[in-house]
Amino acid sequence: MLKKLIQYLYTGWCAIAFVVPMLILAIPMVIPVIVSRKLDFITYFFIRVWVYCFSITTGIWFIGHNKRVVDRKKSYIFVINHTSFLDAPAIPIAIPSSLVALGKKELSQIPVFGWITGRFAIWVDRSDPESRKAGSQRLKQLLSGGTSVLVAPEGTRNNTDEPLLPFRYGPFRLAIESQIPILPVIIHNAGKLMKRGSLLLTPGVVHSYCLPEISVEGLTEDDLDELTNSTYELMKNKIIELNSQ
């Protein structure tokens, strides 16, 4: 009982540590991307400052591995596994370049977080085909302008015992149509710090791993299944490897 009470108090403190630095840094986070996408490096600097503030005050640390595979001069479609709400602060540490994320519309309703992240996220109602189509078109525009995008191809948080949920075709079709390479990213250990079906947190370390980029040069719609399945297997095998360590 005492242990559970301490965990509730700790989680409450984490919520405060999540929101307060975000409020303090809201202006330098948001203003640059409002002025110009070319200034988004300033935004992402302050986003990482926010993550470090969160880590220092909570004891939840984020470490990125193999980031050297990311060429900051190139555009990518980053695909990531979705394990918990801790994925949000893990992403800026995992990926060294700036990007725009495709996110569930429900997240836009979270006070403060939804307003701030809405400046560098595209919200989509996954139950609405028109919303998904509009989101895909917006991502194509951003990719053509040199911006990288991030998508969770599972579509929702993985609350099963499987390493990954089945992938949706969206990001892989987008990669083929735009001829932009895919770069998989694995978030590891976040699910242990926030258990499935619970919002309670425990301190620890969240690791992220950038995998080698996957070229889509010359691929067509006929290659969609193979591209989706090969990326799925690559990410699944890496998760299994990490879980066995």
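The values are calculated or read from the model by the stated rules, or taken from the named source; none is laboratory data. Everything quoted here is computed from the prediction, not taken from an experiment. Reconstructed Cβ throughout: ideal geometry from the backbone, glycine too, with neighbour counts over all protein chains shown.
The single condition from (1) under 25 Å from Ala17 (Cα atoms); (2) surrounded by 20 or more Cβ atoms within 10 Å (Cβ to Cβ); (3) not hydrophobic (A, V, I, L, M, F, W, C) that Arg196 fails is (2). Taking residues in the range 40-69 that are closer than 23 Å to Tyr10 by Cα, and partners anywhere that are not in a helix (DSSP H, G or I), the pairs with Cβ atoms closer than 6 Å and at least 6 places apart or on different chains are Trp50/Leu25; Ser55/Trp61; Gly59/Pro203; Ile60/Pro203; Trp61/Val205; Phe62/Val206; Ile63/His207. Number of residues in the range 45-66 that are within 12 Å of Ala94 (Cα to Cα), of a type outside the set (Val, Ile, Thr) and in a helix (DSSP H, G or I) equals 1. The helices (runs of 4 or more DSSP H) falling completely within the range 67-152 that include 3 or more residues that are at pLDDT below 70 and closer than 16 Å to Tyr44 by Cα map to 113-117. Scanning the range 168-205 for residues that are basic (Lys, Arg) and in a loop (DSSP other than H, G, I, E, B) yields a total of 3. Looking across the range 195-233, just one residue is within 19 Å of the chain's Cα centre (by Cα), without any contact (Cβ under 8 Å) to a residue 60 or more places away in the chain and more than 19 Å from Arg157 (Cα to Cα), and that is Ile214. One residue stands out in the range 152-176 among those that are touching a residue at least 40 places away in the same chain (Cβ under 8 Å) and among the hydroxyl-bearing types (Ser, Thr, Tyr): the one that is surrounded by the fewest Cβ atoms within 10 Å (Cβ to Cβ), namely Thr156. Among the residues of the range 206-239, just one is surrounded by fewer than 17 Cβ atoms within 10 Å (Cβ to Cβ) and within 14 Å of Thr83 (Cβ to Cβ), namely Lys236.
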